1. Quote the charge dipole size of the chain about the Cα centre in Debye, to the nearest 20; the model charges only the Cβ of Lys and Arg (+1) and of Asp and Glu (-1).
2. Just give me a number: lysine pairs in the range 7-247, eight or more positions apart or cross-chain, with C-alpha atoms less than 22 Å apart.
3. Residue-wise, which Karplus ³J(HN,Hα) couplings in Hz belong to the range 204-219, taking 6.51 cos²θ - 1.76 cosθ + 1.60, θ = phi - 60°, and x for glycine or proline?
4. To test your reading of the geometry: what angle, between 0 and 90 degrees and rounded to tens, separates the Cα axis of helix 91-103 from the longest principal axis of the chain?
5. Name the residues whose placed amide hydrogens come within less than 5 Å of the amide hydrogen of residue 54, ignoring near sequence neighbours (fewer than 5 apart) on the same chain.
6. Can you tell me what percent of all Cα-Cα pairs in the range 79-230 are more than 17 Å apart?
7. Using the Karplus curve 6.51 cos²θ - 1.76 cosθ + 1.60 with θ = phi - 60°, what ³J(HN,Hα) values do you get for each residue of the range 10-24, in whole Hz, with x for Gly and Pro?
8. What ranking do 125, 10, 235, 108 get, fewest neighbouring Cβ atoms within 10 angstrom at the top?
Amino acid sequence: MDDQANISVKDQVSEDEWKARCDLAAMYRLVRMHGWDDLFFTHISMRVPGPDEHFLLNPFGLLYEDVTASNLVKVDLDGNVLPPSQYGINPAGFTIHSAIHAAREDVKVALHLHSDAGVAVAAQKRGLLPISQLAMNVFNDVSYHDYEGIALESEEKVRLVADLGEKNLMILRNHGTLSVGDHPFSAYVRIYLLERACKIQVMAQAGGELIEWDQKMQDRVFGQSDEISSNEFFKEIAWAAVLDRVRRESPGFDT
């Protein structure tokens, strides 16, 4: 028997990479806990700390509740699977995430969903509407990308990156939602706010006439929210609290 097979993944990677693996596995469990997962057809990626252009992605074929720090797949920007891994990746997931990580050095985490509410708003011509505080928390940070079919073609990368620009949220029309961040909590809280805003919008549209706020109010609420969420100390304590929830409700992610 190959002795290498008996060595744990934790013992084969740096301390920083192991922490990144634990954080990313927790994010997969969070998506499952919120009911945002789509079997194994959406993705969250995280840049591996260090000088190499490597990032972590979920193993294709595993449900989100089965993702752990050890079974995450490390790849380079050309899609090559790097050791240690016995799994492969979804090509569509690689197309979207590799484009973002290659173009945006500030992005440590990229999170893409196909939730019911997110896709419903992505199918609307006007997209997200400034009708709730939750929407205005992120409204100024949302970009849009037109639908081009399943994301398998490398040519789409240029257009996707151009549409994202310097913003941190994207509605992929007729497809889903995406968030990026320089910290796990940043990417998570952005998608959390966007997904709740989409759900509220769909619910509100079933009722009477909507109240939409002007750009002045949008700027005010976005600035208030950004001042809090961009604080580095807040990110750390908030993420620690979220990790505690994952440990209680979905243990085993950090193995």
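Bear in mind that the values in this text are calculations on the coordinates, not laboratory data. None of these values were measured; they are calculated from a predicted model. Neighbour counts are summed over all protein chains in view; Cβ atoms, including those assigned to glycine, are modelled from backbone coordinates with ideal geometry.
1. 740 debye
2. Here the count comes out as 17.
3. Whole-Hz 3J(HN,Hα) from phi for the range 204-219: 5, 5, 7, x, x, 5, 8, 9, 9, 9, 7, 4, 4, 5, 4, 5.
4. 80 degrees
5. 48
6. 63 percent
7. 4, 7, 9, 10, 6, 4, 5, 5, 4, 4, 4, 4, 5, 4, 5
8. 125, 10, 235, 108
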